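The values are calculated or read from the model by the stated rules, or taken from the named source; none is laboratory data. The structure displayed is predicted, hence computed values, not measured ones. Here the Cβ positions follow ideal geometry from the backbone for every residue, glycine too, while neighbour counts run over all protein chains shown. We work out accessible area using only protein heavy atoms, side chains counted, and drop any ligands, DNA or RNA first. Shrake-Rupley method; radii C 1.70, N 1.55, O 1.52, S 1.80 Å.
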Amino acid sequence: MRHIGIAAVTAEGAALVYKEICRRSAIRLGEYQHPEISLHSFSFSEHMNGGPIEWARLLSLSASKLHATGAEFMICPSNTPHEVYEELASQLPLPWLHIASGVRAMAESKRLKNILLLGTEFTMKSRIYDDQFMESGISLTRPDELEVASVHEIITKELINGRLNESSRSAVSDIVRKYVRAGVDGVILGCTELPMIVDISESEVPLLDSTIALADAAIDYAIS
């Protein structure tokens, strides 16, 4: 099996994808089994205080450090830094799997056509998902400006710090229900911390968890 490198950004997102890789590998490969995994992280403050240029620099350094450990490919369990994927991926010393590619595969397997995208403000306003969903026949719906700001604040002020509030859980659920009534047939949890407050089992439509999609893509690549 190929050695997985995790370029961590937030503690919560990195921990969730690490646990999902281990848990889902055991289901597929047998009890206690999973590929070799290495993780590297800079202080999250360096990502928070920077923009795309700084994200590219930090991810490039993380990739080099992971490669030095023997990692044979890399994942980044944070959606927003994928803004620099197109310019950076070909320059890295090891392959980098795009988080939205795994989400697209999940959406196609469920034959979805109109999906609500939730995430940080940067993710929801960028083309991170649009570029990966090109020619898929799947349209992406965004929340309105007030909802974008609300979800962004919940993620950046609460979830990345491991804080879970019932009021925030209800707010996100209300947004999901609003767009389901408007016709979306799926929802992308385009932030690796969103599963902390969104219950997949209670949703009226499929919730595409980018954490699980990334974990599955990493396992597939590791064992292929």
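Below is a table of values for the structure above.
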| item | result |
| --- | --- |
| Unique match (being closer than 23 Å to Val17 by Cα, touching a residue at least 12 places away in the same chain (Cβ under 8 Å), under 14 Å from the mean Cα position of the chain (by Cα) and open to solvent by 20 Å² or more (accessible area, probe 1.4 Å)) among Ile128, Ile223, Ile188, Ile160 | Ile160 |
| Among (1) open to solvent by less than 60 Å² (accessible area, probe 1.4 Å); (2) under 22 Å from Tyr221 (Cβ atoms), the one test that Leu116 misses | (2) |
| Filter result (of a type in the set (D, E, K, R) and open to solvent by 20 Å² or more (accessible area, probe 1.4 Å)) within the range 198-220 | Asp199, Glu202, Glu204, Asp216, Asp220 |
| Any hit, the range 163-183, residues being open to solvent by 10 Å² or more (accessible area, probe 1.4 Å), aliphatic (A, V, I, L, M) and closer than 24 Å to Ala26 by Cα | no |
| Output for the range 14-36, where each listed residue is touching a helix residue (DSSP H, G or I) at 6+ places or on another chain (Cβ under 7 Å) and buried (at least 18 other Cβ atoms within 10 Å of the Cβ) | Leu16, Val17, Glu20, Ile21, Ser25, His34, Pro35 |
| Test result for Thr69, among the hydroxyl-bearing types (Ser, Thr, Tyr) and farther than 20 Å from Gly162 by Cβ | yes |
| Extreme residue, modelled with the highest pLDDT, among residues of the range 37-82 that are surrounded by fewer than 17 Cβ atoms within 10 Å (Cβ to Cβ) and acidic (Asp, Glu) | Glu54 |
| Among (1) open to solvent by 10 Å² or more (accessible area, probe 1.4 Å); (2) assigned to a loop (DSSP other than H, G, I, E, B); (3) within 19 Å of Ala8 (Cα to Cα); (4) of a type outside the set (Asp, Glu) - the single one Pro195 does not satisfy | (2) |
| Filter result (touching a residue at least 40 places away in the same chain (Cβ under 8 Å), in a helix (DSSP H, G or I) and either under 17 Å from Ile21 (Cβ atoms) or not acidic (Asp, Glu) (or both)) within the range 75-89 | Thr80, Pro81, His82, Tyr85 |
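The rows are residues; the columns are (1) within 24 Å of Pro195 (Cβ to Cβ); (2) part of a helix (DSSP H, G or I); (3) of a type in the set (A, V, I, L, M, F, W, C); (4) free of Cβ contacts under 8 Å to residues at least 40 places away in the same chain.
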| position | (1), (2), (3), (4) |
| --- | --- |
| Ala14 | yes, yes, yes, no |
| Lys19 | yes, yes, no, yes |
| Ala26 | yes, yes, yes, yes |
| Gln33 | yes, no, no, yes |
| Ser38 | yes, no, no, yes |
| His47 | yes, yes, no, yes |
| Gly50 | no, no, no, yes |
| Trp55 | yes, yes, yes, yes |
